[in-house]
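Computed from the coordinates by the stated procedures, all read-outs in this text should not be read as laboratory data. Bear in mind that the values here come from a model prediction, so they are computed numbers and not experimental data. Here the Cβ is made from the backbone with ideal geometry for all residues, glycine too, and neighbour counts use every protein chain on show.
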Amino acid sequence: MTTTRPTDALAEPVERVGGGWTSALALANAAIWVGWYGPLQILLASQAEDFAPGASMSKESVLAWVTGAGAVVSLLATPLFGALSDRTTSRRGRRTPWIVAGSAGGAVSLLLLAGAGGLWAMVAGWCLVQLTLNASWAAVTAAVPDQVPRLQRGAVGGWLGAAQILGVVGGTGLATLGGGIGAGYAACAVFTLVGVLPYVLAHRDPPLPVGARPEWSWRGFLAGFWLSPRRHPDFAWAWLTRFLINLSNAVGLLYLLFYLRDRVGYPDPQEGVLILTVVNAATLLATVVVSGVWSDRVGRRKPFVYWSGLLMAAATGLIALWPTWPGALVASALLGLGFGVFTSVDFALMTDVLPKALDRGKDLGVINVANSLPQVAAPVLAAPIVTHLGGYRTLYLVAAVIGLAGAVLVGRIRGVE
């Protein structure tokens, strides 16, 4: 078991973490993403199709309402639980208690969602999944700036990115191969809980001394969530670029199952989603760790993020202009290459612009809103485009333009190379 000194909690880390610590944290990250993406890729869409007639809505609208409501919860939960973990003085550290509680709650929530009998039960279940798993994820991501030195964060971010996409693939596979909606949710729930155990049992986070915890007040607590773009411009620009590229990605993924069925005409769209996810994962894994290590060695972040954003925008445009199964395969491969670079290097860039050690969890939670907010905005943007404003071609062209804007704006970050 790793040992730490109480003063380590707020210190800038200087000792490199080992492979055991990195692999255990990466597995915990993968477990959380299994809990998210088994539902998002397959199970929620299947339930939406079942509940649409009774709700007097299209399946696209049902899915938009459910994912949008869950994303609102995620939007609030990530910075909230990050801030609470910043103030936790457990002997097991600031982050571990929240990883345990969030993953256990997420597993129970997935089982409740499996039993949903209608639209509103489905909305409630997915919101509960988002609430609990975001508590765990906020703590997992905050462990990196807590314990990893700056010039190792690209590599560690790469492994976390690899774990993320393996979680997406694993969740999609468990949901597809589970044999039904209930079995798919149960399989995801078990993996979500079991996957965090190696980290929480074998590694302890640096504990925060009670005397180092800031005094509590609701006013001060709530005011801490606002980080002035004028005082912290690099933080603001980094947040905006992350938001735009994730919005582009969210718009593209939201209706993937329906795109394959209704636009491409693929005979088994669930199988098609799984194949595209595997292709995307394979190319992502080819770049995610290598690019993180390369970024650490050259000491630069922005060029990697810039070119990865351009590649992702080009791939999304390809989906719009070449709506065929081969086109989807090529675009999926290109998206994987670009997102692999973006996932690892942009995460390292985020940790480089954090304002204060005391608020790492909260600040990363604010940054992670740039992951959650697109899930709210994507249904609002995508549903009317698909229904009234040109269909899937227009949708993916809009997604490409959004991603391109995110890539270009990374040049506004001045404080890192």
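Each part reduced to its alpha carbon centroid, the range 362-414 and the range 27-101 end up 19 Å apart.
Taking Lys and Arg as +1 and Asp and Glu as -1, the other residues whose beta-carbon sits under 15 Å from that of E49 total -2.
Note on the range 82-216: semi-axes of the ellipsoid equivalent to its C-alpha gyration tensor, largest first and rounded to whole Å, are 30, 19, 12.
Sorted on the mean count of surrounding Cβ atoms within 10 Å across their residues, most packed first, peptides 397-410, 53-66, 363-376 read 363-376, 397-410, 53-66. For the range 222-298, the alpha-carbon radius of gyration amounts to 1.61 times the rule-of-thumb value 2.2 N^0.38 Å expected for a compact globular protein.
For the range 165-220, how big is Rg over Rh, using alpha carbon atoms and the Kirkwood form of Rh?
On the Cα set of the range 165-220, Rg over Rh gives 1.29.
Restricting the calculation to Cα atoms, every distinct pair contributes to the Kirkwood radius of the chain, found to be 21.2 Å.
Relative to the globular-protein estimate of 2.2 N^0.38 Å, the Cα radius of gyration of the range 1-127 stands at 1.35. Each residue, R230 and D262, gets one label point 7 Å from its Cα in the Cβ direction; the gap between the two is 4.6 nm.
Annotation: Cα Rg of the range 373-417 relative to the compact-globule expectation 2.2 N^0.38 Å equals 1.48. Fully extending the segment from R16 to H388, taken as 0.36 nm per residue of separation minus the present Cα-Cα distance, adds 128.6 nm. Multiplying each eigenvalue of the alpha-carbon gyration tensor of the range 105-156 by 5 and taking the square root yields semi-axes of 34, 8, 8 Å, largest first, rounded to whole angstroms.
In plain terms, the chain from A104 to E49 could stretch by 17.0 nm, reckoned as 0.36 nm per residue minus the Cα-Cα distance.
Binning the alpha carbon pair distances of the range 327-413 at 5 angstrom intervals from zero yields the distribution 3, 11, 15, 21, 20, 14, 9, 5, 2, 0, expressed in whole percent. Ranked by the mean number of other Cβ atoms within 10 Å of their residues, highest first, the peptides 378-386, 242-250 fall in the order 242-250, 378-386. Computed over the range 174-284, the Cα gyration tensor eigenvalues convert (square root of 5λ each) into semi-axes of 39, 25, 14 Å, ordered from largest to smallest.
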